[in-house]
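K.L.:
Here it is, the structure, as structure tokens.
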Number of protein chains: 2
Amino acid sequence: MHYISHQKDIELLFLKSALTLDNPFNNTEEILDWVQKRNEEVSVDIKRIPFDAMNSWRLDKKKGAVVHSSNKFFSIQGLEVVTNYGHRKTWDQPIINQPEIGYLGFITKIFNGVLYFLVQTKIEPGNVNYVQLSPTIQATKSNYTQVHGGKTPNYLEHFVNATKDEILLDQLQSEQGARFLKKRNRNIIIKVDKEIEPLKDFKWLTLGQIKHLMKKDNIINMDTRTVISGISFGDYSRRTLNFHNVMNFESTSVENELLTSALVNDQSFLSFNQIIYWLTAQKVKYELSIKNKSLMDLKDWTISDSTIEHKDNRFFKVIGVNVEIGNREVTSWHQPLVEPCDEGVCAFIIKEIEGVLHFLVQAKLEAGNFDIVEIAPTVQCSSVYLEKEEQQLKIPFLKEVLNAKQEQVIFDTLQSEEGGRFYREQNRNIIIKLGDDFSIEVPENFTWLTLNQLKKFIVFNNYVNIQARSLVAALSYKN
Amino acid sequence: MHYISHQKDIELLFLKSALTLDNPFNNTEEILDWVQKRNEEVSVDIKRIPFDAMNSWRLDKKKGAVVHSSNKFFSIQGLEVVTNYGHRKTWDQPIINQPEIGYLGFITKIFNGVLYFLVQTKIEPGNVNYVQLSPTIQATKSNYTQVHGGKTPNYLEHFVNATKDEILLDQLQSEQGARFLKKRNRNIIIKVDKEIEPLKDFKWLTLGQIKHLMKKDNIINMDTRTVISGISFGDYSRRTLNFHNVMNFESTSVENELLTSALVNDQSFLSFNQIIYWLTAQKVKYELSIKNKSLMDLKDWTISDSTIEHKDNRFFKVIGVNVEIGNREVTSWHQPLVEPCDEGVCAFIIKEIEGVLHFLVQAKLEAGNFDIVEIAPTVQCSSVYLEKEEQQLKIPFLKEVLNAKQEQVIFDTLQSEEGGRFYREQNRNIIIKLGDDFSIEVPENFTWLTLNQLKKFIVFNNYVNIQARSLVAALSYKN
């Protein structure tokens, strides 16, 4: 059978690309300049407009939802939620319903033995800085099946015609359960051997460069982060790892410790089956019951001409906007966007347990989750909890994250959520490494996973949430 | 870390139990006698009654559903289904809605180095023969959380108080997607060390005995089959397997070939990731949209005083029954049951590919599926397709299954579905092994998995359907 070596080849290709920061085509400074220049070039104008003034979109009072005239794309509907999880046992909320599964895909290609990812500078209206680095393709199913005709997305034919051997990764991945109703995208990476010319706004980057660029605020978009979070670098016993010398760089750095945690499969706090048992218990314990409800009838939410918002000005607002993009040629359209009321905080606490770095995860329930709970970062909350100390104490481990010493902080940047649906939403992504004084004993809805185990769960759909995957994507294995 | 040896210990315990047919406490003949005697002793009387005559249950015309007066247990509601899968693109149907996750659990214990399962002879009204061998516990969440008070199920305290080290298996598993709306049960196996006295109607059996008893019709109930299907016997490279001599019996039997397929992790038609990619493509390709609908309004279904049935007398009927169980002391109650119009056929074709047995699976969509498609047996259909040759041709591979030669048939028995919900529903479970003349090329919604790969998918909830798991449970590794 050839597949085993094929699979190992793929993993080693990914690993080599993750460890390559030198790119003879586009060094990282040039990429930053490219993004900045594109950002300066584009003119983006976003104006809030009343729902009534939107072309093609409307707040349909009878349906109780914000819908497109074609009934395609997405809609924003109301939801009544009942659960036995957390402080609030029942609430109403608007939620984005986008039942179509879209493509988020990278074309990759080997140059001089290194795998490069074809990245584009993509403008999205909601982005904090309008242009961020996105996958080669972001397409809805209507796009790629060409149901409605229209312009074919660039490079689509490569994905549609990909053979089994060209597919390096192909997974279904969830998006924000607090904002989307069971939304999933197809995350795909293909490798092409034939010549391929980067179009305007496209460039070749190594995986190491993409990860390195996540150390800057708001450069790598959410779609890029979700796709690369699913990449596995292999599965080794500790003995094999040492023997084959898979890792050939200095062994004391945190990058090396992280890579060890990603690769080693026989040293962990829980066995893989025990993690399944923990999740089973969480899914049995927590109940999630949701019911469609008209936006007009949502408890605690008010609707004005141009905004749907919570009475306490919390969570998020639904707004209508007029988007204008371009300089000489201007493209413009109307659409609804979801605007957060606060920044979020997503943080992993990591800690060495018997020689391997472990990630402290929680089983988190959100209204739009496909399967009750997903594996989430140690801390995932709104920044309103940061303001006062008694608020901080409501969120387990938030205090530890906020009080981390500088040398404990491995990662701390702002990352944007999807700019096609969210208006300037960014979350602070933090990873801190704590020592022996941080207890291994945690509440029953928390547990410790190695990066190898986290990556194995990411392969299966609806196990690891986008906030956790975004942090996994941020991990870099070479400084 | 101790867990690796702990995990291996568990797998070897399961394997040894699966290979043990000699039971000094209860040999297999005695068990058959026990089941037969219990069957002769019990008096079960099932009478059809009008829905109006049911105590505690009613056909609620306003709700459009058959419901219990407490709104607990389960209900039977209507569903409108739209899909792009299969011949029928849209249909209405009744479906059982049982949102509570129940326990299906075995207590196991080691005697003389062998793991024994505590099995009970359980009476269920819908069983073909009323008494079948069931897990130690079958309990709803209301039962085991004692929400409503009432009698505690036998042995419940062992499950509720099980420690991490006592849990040998704990998985969420789906039930029939054509009959149940996203129903799942918690499948759990615990090992107790302290003394435990089998109550009346309980006995200790080895896993090998349970599997051996599946060679008889309708002895092992569905709940037993689903729990034991999740048992893994380990994960070995071919080299390690040969080296450690895990399998120490004759090497030419089909039992040995099946065990090899269960254990070997480095020889297979597709890599594990490639199976994920195949499933991703299937989940993206097929759409499933369901909507609640009143039973009163279901297209093609008619409702009489005592029956909800399809106009062509196909699929299944919903009936009301009066159940009386007992001899001197009689217990009686009313409840709705689902009565099939035909027997079903569930069959695996297996075939050696490059030295390892592979199972031909399909991605199958059913209305109540949790996640669009699940991995199903090669053939899963109603026996109506068996009657005429042109009908047979509508179901891929049915002809091959029906025309298998005697020496190709590994397994062929009748197995019951759950007798608490279904009235005398039994499916023919078939496994046939074909040779080189059967092509490895199959339609795109089919593919080949080793038993090791199938077992890995079973660990994750909602990947492998109950029909496929029932067949996996039937595989025995010692004759």
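The values are calculated or read from the model by the stated rules, or taken from the named source; none is laboratory data. Note that the structure is predicted; figures quoted are calculated from it, not measured. Backbone-built Cβ (ideal geometry, glycine too); neighbour counts: all protein chains shown. Heavy atoms of the whole protein, side chains included, go into the accessibility calculation; ligands, DNA and RNA do not. Shrake-Rupley method; radii C 1.70, N 1.55, O 1.52, S 1.80 Å.
K.L.:
Please identify which residues in segment B:46-75 have an amide N closer than 12 Å to a label point set 7 Å out from the Cα of residue B:303, following the Cα→Cβ vector.
P.N.:
B:51-52, B:58-67
K.L.:
Order B:328, A:179, B:428, B:239, most accessible first, counting only protein heavy atoms with a 1.4 angstrom probe.
P.N.:
Values: B:328 230, A:179 35, B:428 75, B:239 200 Å².
Reading off the accessible areas and sorting them downward yields B:328, B:239, B:428, A:179.
K.L.:
Report relative contact order for segment A:31-186 in percent, whole number only (criteria: Cα-Cα under 8 Å, sequence separation at least 6). Present the calculation step by step, with values, prior to reporting the outcome.
P.N.:
Working: 215 pairs, mean separation 29.5, N = 156.
The normalised contact order for segment A:31-186 reaches 19 percent.
K.L.:
Binned at 20 Å from 0, what are the whole-percent values of the Cα-Cα distance distribution for chain A, short to long?
P.N.:
Once binned at 20 Å, the Cα pair distances of chain A give 23, 58, 19, 0.
K.L.:
In Å², what does the accessible area per residue of segment A:98-219 work out to with a 1.4 Å probe?
P.N.:
Ligands and nucleic acids excluded, the figure is 35 Å² per residue.
K.L.:
Between the label point of residue B:253 and that of the same position in each other copy, find the distances and list them shortest first in nm, with every label point placed 7 Å from Cα along the Cα-to-C-beta direction.
P.N.:
When each copy's label point is compared with this one, the spacings are 5.6 nm.
K.L.:
What is the Cα centroid distance between segment B:1-74 and segment A:23-95, reported in whole angstrom?
P.N.:
Cα centres, segment B:1-74 to segment A:23-95: 49 Å.
K.L.:
Given a Förster distance of 56 angstrom, what is the FRET efficiency for residue A:195 paired with residue B:63, based on the Cβ-Cβ distance and rounded to 0.05?
P.N.:
Values: r = 63 Å, r/R0 = 1.13.
Efficiency computed from Cβ-Cβ geometry: 0.35.
K.L.:
What's the long-distance tail for the protein assembly as shown, i.e. % of Cα pairs beyond 48 Å? Could you put the intermediate results ahead of the total?
P.N.:
Working: 115879 of 458403 pairs.
Beyond 48 Å sits 25 percent of the P(r) for the protein assembly as shown.
K.L.:
Arrange the residues B:56, A:476 by how much accessible surface each exposes, largest first, with a 1.4 angstrom probe. Spell out each step's value before the answer.
P.N.:
Numbers: B:56 65, A:476 15 Å².
Accessible-area ranking of B:56, A:476, largest first: B:56, A:476.
K.L.:
For chain B, with all protein chains present and a 1.4 Å probe, just round the carbon and sulfur fraction of the accessible area to a whole percent.
P.N.:
Numbers: 9000 of 19150 Å².
Heavy-atom surface of chain B belonging to carbon and sulfur, 1.4 Å probe: 47 percent.
K.L.:
Using r as the Cβ-Cβ distance of residue A:90 and residue B:436, and R0 as 51 Å, what FRET efficiency do you calculate, to the nearest 0.05? Working shown, then result.
P.N.:
On the way: r = 61 Å, r/R0 = 1.20.
With a Förster radius of 51 Å, E is 0.25.
K.L.:
With a cut-off of 8 Å between alpha carbons and a minimum separation of six or more residues, what is the relative contact order of segment A:151-256 in percent? Write down the numbers at each step before the final one.
P.N.:
Working: 60 pairs, mean separation 19.7, N = 106.
Reported as a whole number, the value is 19 percent.
K.L.:
Provide the per residue accessible area, probe 1.4 Å, for segment B:364-479, rounded to a whole number of square angstrom.
P.N.:
Details: 4040 Å² over 116 residues.
Per-residue accessible area for segment B:364-479 comes out at 35 Å².
K.L.:
Using protein chains only (no ligands, no nucleic acids) and a 1.4 Å probe, work out which residues of segment A:440-465 have their accessible area cut by at least 30 Å² relative to the chain alone.
P.N.:
Buried-area filter returns A:459, A:460, A:461, A:463.
K.L.:
Not counting ligands, DNA or RNA, and with a 1.4 Å probe, what is residue B:219's accessible surface area in Å² rounded to the nearest 10?
P.N.:
Estimated to the nearest 10 Å², residue B:219 gives 20 Å².
K.L.:
In nm, what is the difference between 0.36 nm times the number of residues separating residue B:237 and residue B:399 and their Cα-Cα distance? Could the numbers behind the result be given before it?
P.N.:
Numbers: separation 162, 0.36 × 162 = 58.32 nm, distance 3.56 nm.
Stretched fully, the residue B:237-residue B:399 segment lengthens by 54.8 nm.
K.L.:
Over both sides of the A-B contact, add up the buried accessible area with a 1.4 Å probe and give it to the nearest 100 Å². Mind dumping the intermediate values first?
P.N.:
Values: alone 21160 and 21170 Å², together 38320 Å².
Looking at A and B, the buried total is near 4000 Å².
K.L.:
Segment A:157-177: which residues show an accessible-area loss of 50 Å² or more, assembly versus chain alone, 1.4 Å probe?
P.N.:
Buried by 50 Å² or more upon assembly, which counts only protein chains, are A:164, A:170.
K.L.:
Shifting gears a bit: Enumerate the amide H contacts of residue B:357 below 5 Å, restricted to partners 5 or more residues apart or on another chain; note that Pro and chain-start residues carry no placed amide H.
P.N.:
Amide H to amide H, under 5 Å and 5 or more residues apart or across chains, residue B:357 pairs with B:261.
K.L.:
Based on the Kirkwood radius over alpha-carbon pairs, what is the Stokes-Einstein translational diffusion coefficient of segment A:1-152 at 25 °C with 0.890 mPa s viscosity, in µm²/s? Before the final figure, lay out each step's value.
P.N.:
Working: Rh = 20.2 Å.
D, rounded to a whole number, is 122 µm²/s.
K.L.:
In whole Å and largest first, what semi-axes does the C-alpha gyration tensor of segment A:378-446 yield when each eigenvalue is scaled by 5 and square-rooted?
P.N.:
On the way: eigenvalues 116, 47, 30 Å².
Semi-axes from the Cα gyration tensor: 24, 15, 12 Å.
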